[in-house]
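Notes follow once the structure below has been shown.
The values are calculated or read from the model by the stated rules, or taken from the named source; none is laboratory data. Owing to the predicted nature of the structure, the values given are computational and were not obtained by experimental measurement. Neighbour counts are summed over all protein chains in view; Cβ atoms, including those assigned to glycine, are modelled from backbone coordinates with ideal geometry.
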Amino acid sequence: MSETPPNSADHVGAAASGSAFVLTGADYSFGAATAKRAVRCMVALPMAFDSRRIALQLWTLRDHLKTAEDVARSFARVREIGYEHVQLSGLGPISSAEVKRLADAAGLGICATHEDGREIVDEPNKVADTLSTLGCRFTAYPYPHTPLDTLDQVFELADKLSHAGEVLRSRGQLLTYHNHAIEFRKLGGKAILDWLYERTDPVMVHGEIDTYWVQAGGGDPAGYCARLSGRLPLLHLKDYAITPQNEPIMAALGEGNLNFPTILREAESAGCEWYIVEQDRGFTDPFEAIATSLRYLKSL
């Protein structure tokens, strides 16, 4: 199956019966060059997005993906639940060609991957080869593989990511950055994540905002979606809840406290192509959790 999202060229801002008009006036300083603007405008946003652009981050099912046989069974269950696309992460030692074959057999498209961070910056052509084998356009740098304790270290990583992104772009692919809470540490009066988005080339490096980790870091998930207008092809959706012990915990969508209608409207306005469900932990049965999240998204 193709990983090209349905109507990807024209889904943003399409006026339709039942559309809601939302006032947007965020700082678009992280946006790509073609989208850089600081204006207030009325944008027509559909109340619901195309459910065919929902995908599942397979890290959620990592304990059920250790062998090719595990993957085949899990892919069948994922498709039965109703997902049509997946993002690869957390699989056992299975070749990219075999994973692609198993996904095709299950009727699943591969919309994106997570690749090893060091490999992305040191061997971007190897990553590009993997994406080509998978028939996949997007990947994400998943977590800092090097210390980010000084601005010089942050800038060095940003420059390496821009170079890697240039290599991938020359191959028709796109590098994104996946955040955790750690990037909300401040250096020089600004969050590391802000420095990374400002320093990286906005054409070569785009965003994969993770809603839970933005919230955990003290940020505003909807605000970051707006700030990455024109630069947000991927969005990780996971909810943020609190336990009776007053501890934060990941939750299936709709079972936590994040304002997903607002987050999704901002992401849709920003041009997001793939809405990727993920839940690292906080469940008894991950298959039940991903089914709950999908039902919630389709109810909006």
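When Gly172, Gly223 are checked against the criterion of being over 25 Å from Asp116 (Cβ atoms) and surrounded by fewer than 20 Cβ atoms within 10 Å (Cβ to Cβ), a single residue qualifies: Gly223. On inspection, Ala270 passes the criterion of being surrounded by 23 or more Cβ atoms within 10 Å (Cβ to Cβ), over 26 Å from Val78 (Cβ atoms), of a type outside the set (S, T, N, Q) and in contact with a Ser or Thr (Cβ under 8 Å, 6 or more places away or on another chain). For the range 231-254, taking the residues that are surrounded by 16 or more Cβ atoms within 10 Å (Cβ to Cβ) and of a type outside the set (A, V, I, L, M, F, W, C), the one that is farthest from the chain's Cα centre (by Cα) is identified as Pro248.
Among the residues making up the range 193-220, those that are hydrophobic (A, V, I, L, M, F, W, C) and surrounded by fewer than 24 Cβ atoms within 10 Å (Cβ to Cβ) are Trp195, Leu196, Val203, Met204, Trp213, Ala216. Close contacts from the range 274-300, counting a first residue that is of a type in the set (A, V, I, L, M) and a second that is in a loop (DSSP other than H, G, I, E, B), with Cβ to Cβ under 7 Å and a gap of 6+ residues or different chains, come to Val277/Leu253; Ala289/Ala252; Ala289/Gln279; Ala289/Phe283; Leu294/Gly82; Leu294/Tyr83; Leu297/Leu253; Leu300/Ala48.
So which residues in the range 149-169 are surrounded by 18 or more Cβ atoms within 10 Å (Cβ to Cβ) and within 14 Å of Leu193 (Cα to Cα)? Result: Val154, Leu157, Ala158, Leu161.
Residues are listed down the side, and each one gets a yes or a no for (1) of a type in the set (A, V, I, L, M, F, W, C); (2) within 23 Å of Gly207 (Cα to Cα); (3) part of a helix (DSSP H, G or I); (4) free of Cβ contacts under 8 Å to residues at least 12 places away in the same chain:
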residue: Arg73; (1), (2), (3), (4): no, no, yes, yes
residue: Val78; (1), (2), (3), (4): yes, no, yes, no
residue: Gly92; (1), (2), (3), (4): no, no, no, no
residue: Ala97; (1), (2), (3), (4): yes, no, yes, no
residue: Lys100; (1), (2), (3), (4): no, no, yes, no
residue: Glu119; (1), (2), (3), (4): no, yes, yes, yes
residue: Tyr143; (1), (2), (3), (4): no, yes, no, no
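If we scan the range 120-134, do we find a residue that is surrounded by fewer than 22 Cβ atoms within 10 Å (Cβ to Cβ) and within 30 Å of Leu300 (Cα to Cα)? No: the range 120-134 contains no residue that is surrounded by fewer than 22 Cβ atoms within 10 Å (Cβ to Cβ) and within 30 Å of Leu300 (Cα to Cα). The criterion of at least 1 residues that are at negative phi and of a type in the set (Gly, Ala, Ser) is met by the following helices (runs of 4 or more DSSP H) wholly inside the range 191-300: 211-216, 221-227, 260-270, 286-299. Taken together, Arg101, Arg52, Arg73 contain a single residue that is at pLDDT below 95 and at negative phi, which is Arg52. In the range 205-231, the residues that are hydrophobic (A, V, I, L, M, F, W, C) form Cβ pairs under 9 Å with partners that are crowded, with 21+ Cβ neighbours inside 10 Å and at pLDDT below 95, at six or more places apart or across chains, as follows: Ala222/Ala26; Cys225/Ala26; Ala226/Ala26; Leu228/Phe30; Leu228/Gly31.
Condition (residue is at pLDDT below 95, in contact with an Asp or Glu (Cβ under 9 Å, 6 or more places away or on another chain) and closer than 29 Å to Gly271 by Cα) applied to the range 56-64: is it met by at least one residue? The answer is no; no qualifying residue exists. Considering only residues in the range 269-290 that are more than 13 Å from the chain's Cα centre (by Cα) and among the acidic types (Asp, Glu), the one that is nearest to Gly254 (Cα to Cα) turns out to be Glu288.
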